[in-house]
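Below: the structure, in structure tokens.
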Amino acid sequence: MKSRSHFSYWFIALALVSLGLAITFGVLAAIQYVSHDFLKSVVAFNHMRPLHVTSAVSWIVLSATGGVYYYISQEDNMELHLPLLGKLHFYVFLFTGIAIYLALLFGQTGGREYLVFSPFLIIPILFGWIIFGYNYFKTVLKNASKWPVYYWMWGTGTCFMTYHLIESNLWVFEYFRSDYIKDFSIQWKSYGSFVGAWNQLVYGTAIYLMARIKNDSSVGRGKLAFFFYFLGMCNLIFGWAHHTYIVPMPEWIRFLAYGTSMTEWIILFYMIWDWKKSIKIGMMDINSMAYRFLVSADKWVFLNLLLALLISIPALNLYTHGTHITVAHSMGTTIGINTSILFASMYFILMGKDNPPTKSSVSFFKWGFHLFNASLALFLTLLFVMGISKGIWQYSEPQIAFTEFQDNQYLYFVGFLIAGILLSLSIILLISPLLKRSYSIIFKK
């Protein structure tokens with residue numbers, strides 16, 4: 001029986017707040033890109049960017065873990081091994097997050113790119129993942145004999161998230177920090193695999209939603225689903241080769257990394273596309289919001305696959321690596337694919353058949369959904385154009401000064417800012433009814 005007081009709703013609400021903070025810091029950072037003195041004396045760009053990245057990662061992690069807690073306990077009716085540990089997990093992440101924000105706002109860093117806060121704050125984060133993993137495995141092992149693929153994906157993602165968080169902070173030891181190539185390789189390997197780990201959590205959620213919306217457990221038990229799982233795990237282990245072009249390594253690792261990452265997206269695209277064809281109208285209507293975001297994610301998978309194939313061609317990668325095209329690829333994945341899947345999860349939980357949406361929520365969703373996809377397309381297109389421009393500049397002869405090149409890009413930056421504001425507005429429209437619903441559930445109003 002579902003409980004409206006279940007702590008999984010706490011994770012979901014905090015995830016939505018994190019997404020709101022991510023778009024706030026993102027817009028402020030974009031304004032600073034256009035007007036360099038904007039808030040410079042308060043929060044400079046080099047501090048604003050980590051705040052944006054931290055918030056975006058928090059959105060993915062909190063919504064994914066909150067979803068797992070909800071699905072196994074509320075949808076699959078498993079009794080959590082220790083519910084108290086789940087609540088402890090929430091408070092550990094909450095107070096650690098507050099500490100990270102305060103540290104970044106006051107300029108107290110000490111970490112590396114993407115994890116710029118003090119490595120000491122990784123300790124409570126690791127503790128949170130360990131108790132989450134312990135609770136998850138004890139619960140699922142006790143209640144399920146033949147695991148569907150999404151149970152395997154959630155478990156694998158949890159284990160590798162824990163491992164790669166440790167790996168990403170090995171630089172604190174002199175043995176690793178003293179050797180540049182070793183340090184560089186481990187840092188970027190851990191980041192690439194870190195993304196692969198949360199992809200296991202997110203893609204597992206996508207398959208779970210497909211199974212629940214269709215009311216067909218075979219979706220998560222077929223050979224193709226398990227092939228996708230093992231392919232994703234292989235990509236998690238080897239996909240980091242995309243980030244270390246300048247580091248000496250055997251060629252077979254590069255080719256394997258390219259092959260697995262491209263194939264993983266092809267399989268995900270096919271699974272959602274095939275599932276979409278098999279959905280009946282009635283099933284679609286009951287969970288229309290979640291359904292539409294899953295279909296949207298499939299389109300973004302296809303577009304990002306095309307871009308990834310292009311930038312993986314060595315001759316093109318020479319021009320694109322380190323430009324805004326790389327940013328377009330990563331943000332297209334994070335926003336277009338992961339956020340679409342996680343929005344599907346949020347709407348399934350908070351506005352599914354057991355909690356039908358109000359008329360105002362439906363209106364907010366329709367406007368937000370269409371604006372989200374349109375503004376994201378504009379946002380990524382501008383990044384792509386700026387990336388091409390920089391790639392040409394890098395290898396042009398004679399080369400103009402970088403400051404002059406940046407001045408020539410000003411109109412692109414303004415367009416990028418406008419697209420970012422529109423994208424943020426769409427997310428506000430989408431999360432507003434979700435926040436209102438989660439608030440009413442948590443406080444029983």
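Readers should treat all values here as calculations from the given coordinates under stated rules, not as data from a laboratory. Predicted model, so just to flag it, every value in this text is computed and none were measured. Cβ sites come from the backbone with ideal geometry, for glycine too, and all protein chains shown count toward neighbours.
With a 10 Å Cβ neighbour count serving as the proxy for reagent exposure, in which order, fewest first, do L80, L376 appear? Kindly include the intermediate steps, with their values, before the conclusion.
Details: L80 20, L376 24.
The order, fewest Cβ neighbours first, is L80, L376.
Summed over qualifying helices (DSSP H, 4 residues or more, each -39500 (n - 2.57)) and divided by its residue number, the chain shows a 222 nm mean residue ellipticity of -25500 deg cm²/dmol.
How big, in percent, is the set of alpha carbon pairs in segment 148-193 lying more than 17 Å apart?
On the way: 424 of 1035 pairs.
Tail fraction, whole percent: 41.
Compared with the dominant Cα axis of the chain, that is its longest principal axis, helix 251-278 is turned about 40°. Between K182 and D274, what is the spin-label point distance in nm, taking each point 7 Å from the Cα along the Cα→C-beta axis? Distance between label points: 4.5 nm. What is the chain's relative contact order, in percent, from Cα pairs under 8 angstrom and six or more apart in sequence? Here the relative contact order equals 17 percent.
From the P(r) of segment 326-378, can you give the percent of Cα pairs sitting at distances over 17 Å? Intermediate results must be reported in sequence, preceding the final value.
Numbers: 615 of 1378 pairs.
Considering segment 326-378, 45 percent of its Cα-Cα pairs are separated by more than 17 Å.
Pairs from the table (K142/K189; K87/K353; K138/K223; K142/K359) lying more than 31 angstrom apart at Cα are K142/K189; K142/K359. In plain terms, the chain from T24 to F127 could stretch by 34.2 nm, reckoned as 0.36 nm per residue minus the Cα-Cα distance.
Based on alpha-carbon atoms, the Kirkwood radius and the radius of gyration of segment 146-241 give Rg/Rh equal to 1.13. Three principal axis extents describe the C-alpha atoms of segment 5-60; from largest down they are 46, 16, 14 Å. Relative to one another, the C-alpha centroids of segment 14-54 and segment 157-230 are positioned 27 Å apart. Would you mind estimating how fast segment 1-100 diffuses translationally, via Stokes-Einstein at 25 °C and 0.890 mPa s with the Kirkwood radius over Cα pairs, in µm²/s? The calculation lands on 164 µm²/s. Considering only F173, V219, I237, the residue lying farthest towards the positive end of the dipole of segment 146-241 is V219, judged by Cα position with unit charges set on Cβ.
So how far apart, in nm, are the two label points at S41 and L224 if each is 7 Å from Cα heading toward Cβ? The answer from the label model is 6.1 nm.
Amide H contacts for G352 (H built 1.01 Å from N in the peptide plane; partners 5 or more residues away or on another chain; cut-off under 5 Å): none found. Only the Cβ atoms of Lys and Arg (+1) and of Asp and Glu (-1) were treated as charged; on that basis the dipole of segment 146-241 about its Cα centre amounts to roughly 500 debye. Relative to the longest principal axis of the Cα atoms of the chain, the long axis of helix 8-34 lies at roughly 20 degrees.
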